[in-house]
Each structure stands twice: as C-alpha cells, then as structure tokens.
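To start, the structure under review is shown below, and the notes come after it.
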Amino acid sequence: MSDTKQPKIIIAVDGFSSCGKSTFAKAIAARLGYIFIDTGAMYRAVTLFALEQGAIRSGIVHEDEVAALLDRIAITFRFNPERGASDIYVNGDLAEGKIRTIEVSNCVSRVSAIPEVRAKLVAMQQEMGRRKGVVMDGRDIGTVVFPDAEMKLFMTADPKVRARRRYDELRAKGDEVTLEEIERNVVERDKADMSRRVSPLRQAEDAIVLDNSRMTVDEQMEWFMARLAETKNAL
Ligand code: DC
C-alpha cells in the first residue's frame with residue numbers, strides 16, 4: 001500500500017548497530033512507496049575499497065591513504081526486485097555481499113570517522129534525499145544529513161539481543177564466527193560510533209525512540225504507522 005497522494009517526507013532512522021534498522025527502514029519504504037537508502041552500506045563500501053587497495057594493512061587504517069582514494073570510488077545503487085531493495089555497486093561491481101563480512105565490520109567504524117569520508121558521503125546522501133520520499137538509515141541522518149527531516153526515529157535494543165541477531169545472520173551465510181566475537185564487535189562499534197569526533201552517534205532531540213528488543217517487525221510497523229499519522233497531523 002503506497003500513499004502517493006500524501007506529500008512526501010524524509011524519514012531518518014538512526015541508532016545502534018544491529019538493531020534491525022535496515023530491515024525496518026526497508027519495510028517502511030516498501031509500505032509507503034518510498035526509496036530506502038542504507039548509508040551504513042556506503043561506509044562499508046569505502047572500507048571494502050580501502051581494504052582492496054591496501055589502504056588498510058594488518059588491521060591498521062591509514063587515514064590519509066583512505067582519503068586519497070575517495071576520488072577513485074564511485075558508489076551507486078541499483079534496485080534489485082528479488083530483494084525488494086537496492087544493491088550497492090563500487091565502481092560498477094556488485095559489492096552487496098562483500099561489504100557485510102566481519103573483516104569490513106571490524107574496520108568500518110575507523111573509516112567512518114575520517115572527516116573526508118564523511119564529507120563525501122553526507123553530500124551524496126543529501127543529494128539522494130533532495131526530492132524527499134526517502135527512508136534513510138544510519139547514525140547521523142537526523143542530526144547531520146537531514147536535521148530538518150519531518151520524522152526521526154532512534155532505534156535501540158539490548159546489546160546481547162543485537163549480537164545474537166547479527167550472529168544468526170552471519171552463521172546463516174556460512175561465516176565461521178563466534179557469538180563472543182560478535183558481542184565484542186557490537187560493543188566496540190557502539191563505543192566508537194558514540195565517541196568519534198566527527199558526527200558521533202547521538203539521538204536527535206526531536207527523535208522518537210524505538211526499543212525493539214522484544215518486538216517483531218509487524219509490531220514495529222504497527223507502532224510506526226501510528227507515529228506517522230501523528231507526525232503528518234502535526235505538519
Ligand atoms: O549500519 P551498519 O552497521 O551497516 O554501519 C556500518 C558502520 O558505518 C557503523 O559502524 C557506523 C558507520 N556509519 C556511520 O558512521 N554513519 C552512518 N550514517 C551510517 C553508518
């Protein structure tokens with residue numbers, strides 16, 4: 001069901017890693033006939049390229065070298081009807097699967113803290129939302145990318161629940177990871193995302209908080225549709 005007659009708005013979905021932000025944002029976009037943009041995938045794409053190009057060596061992110069690569073990386077999205085979402089491409093190559101490995105996850109917080117990386121990706125994201133009708137998920141969408149977004153959600157969930165979700169996802173893909181390793185990664189990324197100097201993860205003052213530790217996607221959708229009606233009434 002899409003609500004094409006309503007004026008289109010920007011819906012910013014921020015929050016901690018592995019909260020189900022992308023799944024939820026994608027479901028909202030499908031429901032409203034909006035475009036879904038996963039900005040975490042863009043930071044992951046830069047990280048993947050930096051790994052491939054040797055700007056990250058033995059786990060060390062060489063910030064100047066990563067910044068110098070930015071002119072050589074073209075990030076594009078192409079809608080994949082099978083997934084009902086857009087796949088990400090790096091310089092024309094499909095990167096969707098390659099950006100979700102533990103190797104990329106372990107380095108992405110440090111790459112996303114590089115000011116040049118943020119400047120480039122934030123400008124791209126603002127351009128993608130210029131015509132509204134987007135649901136964008138990330139860490140700084142409601143605070144930096146679209147501080148005037150009509151609707152802002154801030155998602156959170158118990159770190160143990162989040163680690164379990166990511167663990168199940170990676171094991172289903174055949175990745176040989178341990179739950180302890182994932183729990184460590186979730187906690188470390190929370191800390192890094194909240195404490196970085198440029199655009200740290202924080203809740204926008206006008207964001208609505210959704211703790212989905214014990215909610216199904218259907219329950220979250222019901223909650224969201226009620227909040228959306230309130231938001232549109234107030235516009
Ligand atoms: O949502 P995700 O876990 O795929 O995001 C990957 C990383 O990118 C995460 O550690 C934080 C960073 N990120 C960011 O700094 N700003 C965004 N808007 C989105 C993601």
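The values are calculated or read from the model by the stated rules, or taken from the named source; none is laboratory data. Nothing here was measured: the structure is a model prediction, and the numbers come from that model. When we count neighbours, we look across all protein chains shown, and the Cβ atoms used for this are built from the backbone with ideal geometry, even at glycine. Ligands, DNA and RNA are stripped out before the accessible areas are found, and what is left, the full protein with its side chains, is counted by its heavy atoms. Shrake-Rupley method; radii C 1.70, N 1.55, O 1.52, S 1.80 Å.
When each of the peptides 95-102, 209-216, 120-127 is scored by the mean number of other C-beta atoms lying within 10 Å of its residues, the order from highest to lowest reads 95-102, 120-127, 209-216. The Cα center of the stretch 141-169 and the Cα center of the stretch 192-235 differ in position by 7 Å.
Counting 0.36 nm for each residue step from residue 130 to residue 164 and taking away their Cα separation leaves a gain of 8.6 nm. In the chain, the calculated helix contribution to ellipticity at 222 nm averages -14500 deg cm²/dmol per residue, counting -39,500 (n - 2.57) for every DSSP H run with n ≥ 4. A straight Cα-to-Cα reach below 30 Å connects residue 120 with the lysines 8, 21, 26, 98, 132, 152, 191, residues fewer than 8 places away in its own chain not being considered. Mean sequence separation of contacting Cα pairs (under 8 Å, at least six apart), scaled by the length of the stretch 1-127, corresponds to a relative contact order of 23 percent.
Under the convention that each Lys and Arg Cβ holds +1 and each Asp and Glu Cβ holds -1, the size of the dipole of the stretch 157-235 around its Cα centre is about 240 debye.
Rolling a 1.4 Å probe over the protein heavy atoms gives the stretch 27-83 an accessible area of 50 Å² per residue.
Peptide packing for 8-18, 157-167 was compared via the average number of neighbouring C-beta atoms within 10 Å per residue; ordered from the highest value, the list is 8-18, 157-167. Full extension of the chain segment joining residue 217 with residue 205 gains 1.8 nm, where the gain is 0.36 nm per residue of separation less the Cα-Cα distance. Please label the shape of the stretch 135-235 as rounded, prolate or oblate, based on the square roots a ≥ b ≥ c of the eigenvalues of the alpha-carbon gyration tensor (a/c under 1.5 means rounded; beyond that, a/b larger than b/c means prolate, else oblate). Taking the square roots of the gyration eigenvalues as a ≥ b ≥ c, the stretch 135-235 is oblate.
Counting only protein heavy atoms and using a 1.4 Å probe, what share of the accessible area of the chain belongs to carbon plus sulfur, as a whole percent? Of the solvent-accessible surface of the chain, carbon and sulfur hold 51 percent.
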